[in-house]
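Below is one structure, written out as structure tokens, with a few remarks after it.
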Amino acid sequence: MSSAEYHYPVIGRKGTRGVFDRLPIQTLQKDHPHQFTLFILAFNAIQQRSDGFEVVEEPAATFMEIASIHGKPYVEWAGDRNKDISADYSATDKKDTNPVPSRFGGYCNHGAVVFPTWHRPYVMLIEQSIGNIAEQLAHDIETKNPGERGQWVKAANELRFPYWDWADKDVAENGLPPVLYEEKVEIVLPGGKKQSVVNPLSYFSYVGGVPSDFSDETDSSTGQVAYFSKWNRTYRYPPSTTDPEGSQIDLLQKAFKAGANDLRRRVAHLFTFNDDENSAIAWDDFSNHTAESKRDIDFVNRGSLEGVHDTVHNLLGGNGQMSYPDYAGFDPIFFLHHSNVDRLLALWEWCYTEYWMGDGYEHDGEQYPWTQARGTYAQVYNEQLLPDGPLQPFRTEHGDYWTSSQARSLDKKAYPKYYSFPEFEGIKVDQAAVTSQERALARKRVQTFYDFDPQTKAKQVALRSWNHLPVPNKEDPAVPSDHNVIPHYRTFVVHVKLLEHAYNRSYSFQLHHKGNAHSSPQVVGTVTVFTRPDHSPCKACAVRREAGSIIRGMIPIPPELIGSIIKSNGGSDSGTTFSQTLAHIKREFVGKLVDASGSELAGAEGGLEAPQVPQHRATSRRVTPVEISLVSAAVAEHVEDEDRPVYLCDWQHHEAVFNSGWLATHKDSV
């Protein structure tokens, strides 16, 4: 502790007499009016709104300070002022010498196995800040309204930070619930009186003006400018003006509804890891979009929690703050988004308690450490990541830093966190399963809820036209002895590898189906690169940029679409072979690289018959996707229990989808 001048410990809602659930924001608003009122008033208080309640609170726990941890302004968080300058100082590094004496490169914890664990105490911090103020407000209310004693303090004790499940089945139809974007919200005051107040979930106004290091970001593909140096509040899909009237919610809703089903499928695939996988590599695959342990020969990839998270950022932001890592934390929806990310982490931990980062990973008998391009003031840039390594800047009440081991759930080293999530498909994340079978059965229910149910889909689509799809026989060593392979059925995904810093800003790969006489063109799925520009002070990002880091992702192909393509090409009845079907599938796809606003940067046509892109019109190597390939797996179900999760096996790599090159449709791609 000698190195710390001051710290604000992250202890969550300790002292509230129990563990209570983080609720969906819609449930909090509809069914818990006292909690919702306290949440809104306390959130307004930490945002220091001029029309809100004035409540004395630690400076480190204001929204302005908490939000700035994720990026700009690049100063150490007020809750962890540190005077240690010994670890990685270099007189030739501008991070250490300009400005003086901060020597600070940010707290970036993206693209690493600690992505989920670092963000957990981050959400606990805002939960703690809002909860502390809610307690003060509740005591004041009951003092002034003795007839309501026992209601408000109880509500404050039970209040936890809510979440929004952006992968829920109703999002494709309804998009965001109004409470997340309407600028006024109704709350219930003492005596049952209702009042409309400023909604702290819709936007945040910077306290003390726009920070001095905020800079405008120009999207050269559209000419749109994100006027971060001039906007005194946050926006979603704002028009390119210095003083927008507000967010363009219609554009936000359109984009999010279009991407909702892809998000559902990608969340479902996070729960398709088999029971016999390498522990550390499974955690790496799940936890982050870089997947350090993956090799070119490792075709199996279920996607990552961070990868889905990245796409949600861009869908929510457009040209606004959520699409830019340096500014994203200032949009209040950031924390409801990350509360749901934490919920998915908790569900995954419950289902896969044995999968963990450990001290590193192993390939062919060789042990390798986890590493990370660090940018903090006290750590070597490419040092080894360990389960008991520090998650700066979050300190415990003992003065040391949180660790990934402490951030875990249901582990002997885990610290108490005083929150849970409502029961979901039989899972209560703060109560360990008794048996591995119980975890497996729940995993199957989670898969089905998020629309991965190959047993049902096979009955619907695997007609005679699918008979030519090969699957291994029961004697194949890839098939567990207690499983049978579903005949003539395969599940298809597109694997994506993109250069992280290709466009010097966030961008996405979109997979489109061309459509035909019977269907209109549609976006099948998206993989997003959520990154900072080269002028960002983030030291970790600078190191990754120099290393040419690659982002991995996957897009599940709906079986209905595969069935439509097979049927339109005659299927087995026409003597079509599997190789021909693979060619047909690729031919139906179009690829696009788009910026955060959805404007096209480059395009490609799938299949071997697509015309070759002329060299003078092709994308440069610095932006061309590293790999977009088609992969499939057979599906095996348990012999005795169809309620157990399926086993994915016989993974096959079917080579590139876009063989004819990428057409540069914007100068940034040349």
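Taking the criterion of being surrounded by fewer than 23 Cβ atoms within 10 Å (Cβ to Cβ), farther than 14 Å from T624 by Cα and of a type in the set (K, R), the only residue of segment 573-607 that qualifies is R587. The set of residues in segment 413-454 being polar (S, T, N, Q) and either farther than 30 Å from N484 by Cα or assigned by TED's automatic domain parsing to the domain that holds S564 (or both) consists of S420, Q431. In this structure, is A260 crowded, with 22+ Cβ neighbours inside 10 Å and either touching a residue at least 60 places away in the same chain (Cβ under 8 Å) or under 23 Å from the mean Cα position of the chain (by Cα) (or both)? So A260 does not fit the description; no.
Counting only helices (runs of 4 or more DSSP H) that sit completely within segment 9-122, those holding 2 or more residues that are at pLDDT below 95 and more than 28 Å from the chain's Cα centre (by Cα) correspond to 94-97.
Residues that are under 30 Å from F286 (Cα atoms) and within 21 Å of the chain's Cα centre (by Cα) do occur in segment 214-236, at least one of them. Checking each residue in segment 259-303 for being touching a strand residue (DSSP E or B) at 6+ places or on another chain (Cβ under 8 Å), of a type in the set (A, V, I, L, M, F, W, C) and at pLDDT 95 or above picks out A268, A280, I281. Restricted to segment 201-213, and to residues there that are in contact (Cβ under 8 Å) with a residue 40 or more places away in the chain, surrounded by fewer than 21 Cβ atoms within 10 Å (Cβ to Cβ) and not small (G, A, S), the residue that is farthest from C538 (Cα to Cα) is V207. When restricted to residues that are under 30 Å from D326 (Cβ atoms) and either over 24 Å from the mean Cα position of the chain (by Cα) or basic (K, R) (or both), segment 547-576 contains 1. Taking the criterion of being closer than 20 Å to A636 by Cα and charged (D, E, K, R), the residues of segment 269-288 that qualify are D275, D276, E277.
Residues in segment 492-538 that are modelled with pLDDT under 80, surrounded by fewer than 24 Cβ atoms within 10 Å (Cβ to Cβ) and not small (G, A, S): 4 in all.
Taken together, the criteria exclude G131 from residues that are crowded, with 18+ Cβ neighbours inside 10 Å and modelled with pLDDT under 90. Tallying residues that are out of contact with any helix residue (DSSP H, G or I) (no Cβ under 7 Å at 6 or more places or on another chain) and not in a helix (DSSP H, G or I) within segment 259-274 yields 1. Of all residue pairs spaced 6 or more apart or on separate chains, none has beta-carbon atoms under 8 Å together with a first member in segment 322-334 that is on the phi > 0 side of the Ramachandran plot and of a type in the set (D, E) and a second member that is crowded, with 24+ Cβ neighbours inside 10 Å and part of a loop (DSSP other than H, G, I, E, B).
Condition (residue is modelled with pLDDT of 95 or more, assigned by TED's automatic domain parsing to the domain that holds N340 and crowded, with 21+ Cβ neighbours inside 10 Å) applied to segment 187-197: is it met by at least one residue? Checking segment 187-197: not a single residue is modelled with pLDDT of 95 or more, assigned by TED's automatic domain parsing to the domain that holds N340 and crowded, with 21+ Cβ neighbours inside 10 Å.
In segment 278-304, what residues are outside any helix (DSSP H, G or I) and among the aliphatic types (A, V, I, L, M)? If the condition is that a residue be outside any helix (DSSP H, G or I) and among the aliphatic types (A, V, I, L, M), then A291, I297, V300 are the ones that fit.
For segment 626-640, the tally of residues that are over 17 Å from F299 (Cα atoms) and either touching a Gly at 6+ places or on another chain (Cβ under 6 Å) or surrounded by fewer than 22 Cβ atoms within 10 Å (Cβ to Cβ) (or both) stands at 4. Counting the residues of segment 386-409 that are surrounded by fewer than 22 Cβ atoms within 10 Å (Cβ to Cβ), at pLDDT below 95 and in contact with a Gly (Cβ under 9 Å, 6 or more places away or on another chain) gives 2. Here G307 clears all of (1) of a type outside the set (D, E, K, R); (2) in a loop (DSSP other than H, G, I, E, B); (3) closer than 30 Å to Q437 by Cβ except the condition numbered (2).
Residue-by-condition table, conditions (1) in the same structural domain as I40 (by TED's automatic domain parsing); (2) among the charged types (D, E, K, R); (3) not in a loop (DSSP other than H, G, I, E, B):
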position	(1), (2), (3)
E182	yes, yes, no
F214	yes, no, no
P239	yes, no, no
K257	yes, yes, yes
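If you go through segment 655-670 and keep only what is surrounded by fewer than 19 Cβ atoms within 10 Å (Cβ to Cβ) and closer than 22 Å to F299 by Cβ, you end up with E655, A656, N659. Consider N288 carefully, then state whether it is buried (at least 21 other Cβ atoms within 10 Å of the Cβ) and more than 20 Å from R439 (Cβ to Cβ). It is true that N288 is buried (at least 21 other Cβ atoms within 10 Å of the Cβ) and more than 20 Å from R439 (Cβ to Cβ). The number of residues in segment 556-582 that are out of contact with any Pro (no Cβ under 7 Å at 6 or more places or on another chain) and in contact (Cβ under 8 Å) with a residue 60 or more places away in the chain comes to 17.
Counted as qualifying within segment 358-477 are the helices (runs of 4 or more DSSP H) with 2 or more residues that are under 23 Å from the mean Cα position of the chain (by Cα), namely 404-407, 436-449.
Screening S632, S660, S620 for residues that are closer than 30 Å to R439 by Cβ and polar (S, T, N, Q) leaves exactly one candidate, S632. Is it fair to say H363 is assigned by TED's automatic domain parsing to the domain that holds R233, touching a residue at least 40 places away in the same chain (Cβ under 8 Å) and in contact with a helix residue (DSSP H, G or I) (Cβ under 6 Å, 6 or more places away or on another chain)? For H363, the condition - assigned by TED's automatic domain parsing to the domain that holds R233, touching a residue at least 40 places away in the same chain (Cβ under 8 Å) and in contact with a helix residue (DSSP H, G or I) (Cβ under 6 Å, 6 or more places away or on another chain) - is not met.
When E475 is tested against (1) touching a His at 6+ places or on another chain (Cβ under 6 Å); (2) without any contact (Cβ under 8 Å) to a residue 40 or more places away in the chain, exactly one condition is not met: (1).
The values are calculated or read from the model by the stated rules, or taken from the named source; none is laboratory data. None of these values were measured; they are calculated from a predicted model. Methodologically, a virtual Cβ is constructed for each residue, glycine included, from the backbone with ideal geometry; neighbour enumeration extends over all protein chains shown.
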